[in-house]
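The values are calculated or read from the model by the stated rules, or taken from the named source; none is laboratory data. Here the structure is a predicted model, which is why all the values come from computation and not from measurement. Ideal geometry is used to build each Cβ from the backbone, glycine not excepted, and the neighbour counts take in all protein chains shown.
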Amino acid sequence: MSEERKAQLQSLRIEREEDAPRGGVPLPAVIAIAVAAALIAAIAVWLLLPRGSAPESAETQAAAQSAASPAGGEGESAAPAQSAPPRAGGLAASGYVVARRQATVSAEITGRIQEILFEEGAEVEKGQVLARLDDERARYDLALAQARAASAGANIEALRAQYTEAENVFRRASRLAEQQAGAEANVTAARAQLDSLAAQIQASRAELNVARTQAASAEDYVDRHVIRAPFAGVVIAKNAQVGEILSPVSAGGGFTRTGVATLVDMASLEIEVDVNEGQIQRVSAGQRVEAVLDAYPDWRIPAHVEAIIPTADRARATIQVRVAFDERDSRILPDMAAQVTFLENRN
């Protein structure tokens, strides 16, 4: 082909748009704009969705699919999923384990502790001796009162002997006077002596009763130096030591003790809870209760409402409820924290 022919064909060529230089938006900017738009759309969808709705978990979807699929099928059997029994529903409250019978054991008198016969955690019976006070002076007073009583008794015996002799004198004087052998004055004197001795004997008997009463009082005072358990229980605290002064009335300071031991009747343990005034209508006497101690969260203890205290706490707007255990256990201890659920009565 000649050069002239090629030139003519070259002049007839049409240029395409791809060959022209582009003046639009660069590709990285377009990608950035697309990503930003996707993020904005995702945020808008999240804001429009309800808060309680959440995508079902894989386990939930699988359970739904298995429930929706028809039962049967060769080599397949539909079995319901096993789940733990739900916890009993009802009004919940919290409180503490307390003892209905708890006492700080002390003496009725003031004295120095001479002996202590227990340790913390000891189980004691009613009337068991826990401690003794120094009773030396009290025993001296008891011995003196007993001696006075013995002296009064001996004095009565002496007066009785004199009375017997006076009776004989009076009979003899009366017989002589009847026989005109004795003076009537002798009879009068003998009668007067007899009456005087009778009065002395009566006074001595009264003195003997007084002496015996004083001896009994002194003996009781000696017995008050012995401290005994007022009821059967467990000693949870030892409040005094040998040599300290014990007094039922606090004298102030740290040298006088008002109690020697703290005793708890473990059979009287129960739970005290505070129920809001607005929920008290859901609680009734004898209602079944399920208690859980914070120390044993997996142990559900059956209990029941023992009593509803007929007064409200004005500051906290609560009413106190006493919950008694249906069964006793050594793991239940005073002052343990507890959660209780008042079970609803279901018809």
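Values as computed for the structure displayed
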quantity	calculated
Of the criteria (1) farther than 30 Å from residue 324 by Cα; (2) surrounded by fewer than 17 Cβ atoms within 10 Å (Cβ to Cβ), which one residue 132 fails	(2)
Qualifying residue in region 149-159 (condition: surrounded by 15 or more Cβ atoms within 10 Å (Cβ to Cβ) and more than 60 Å from the chain's Cα centre (by Cα))	yes
Strands (runs of 3 or more DSSP E) completely within region 93-144 that count 1 or more residues being in contact (Cβ under 8 Å) with a residue 40 or more places away in the chain and under 13 Å from residue 223 (Cα atoms)	111-116, 129-133
Residue within region 217-229 that is over 25 Å from residue 121 (Cβ atoms), small (Gly, Ala, Ser) and assigned to a helix (DSSP H, G or I) present	yes
Any chance residue 285 is part of a strand (DSSP E or B) and either out of contact with any Pro (no Cβ under 6 Å at 6 or more places or on another chain) or surrounded by 12 or more Cβ atoms within 10 Å (Cβ to Cβ) (or both)	no
Scan of region 203-235 for residues that are out of contact with any Phe, Trp or Tyr (no Cβ under 8 Å at 6 or more places or on another chain) and closer than 16 Å to residue 131 by Cβ, ordered by number	222, 223, 224, 225, 226, 227, 228, 229, 230, 233
Residues within region 189-239 that are in contact (Cβ under 8 Å) with a residue 12 or more places away in the chain, under 30 Å from residue 144 (Cβ atoms) and within 38 Å of the chain's Cα centre (by Cα), tallied	9
Residues located in region 305-329, provided they are surrounded by 16 or more Cβ atoms within 10 Å (Cβ to Cβ) and either free of Cβ contacts under 8 Å to residues at least 24 places away in the same chain or in contact with a Lys or Arg (Cβ under 6 Å, 6 or more places away or on another chain) (or both)	306
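Every residue, every condition in (1) within 30 Å of residue 269 (Cα to Cα); (2) at pLDDT 90 or above; (3) of a type in the set (Val, Ile, Thr), yes or no:
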residue: 167; (1), (2), (3): no, no, no
residue: 177; (1), (2), (3): no, no, no
residue: 189; (1), (2), (3): no, no, no
residue: 210; (1), (2), (3): no, yes, yes
residue: 221; (1), (2), (3): no, yes, no
residue: 251; (1), (2), (3): no, no, no
residue: 254; (1), (2), (3): no, no, no
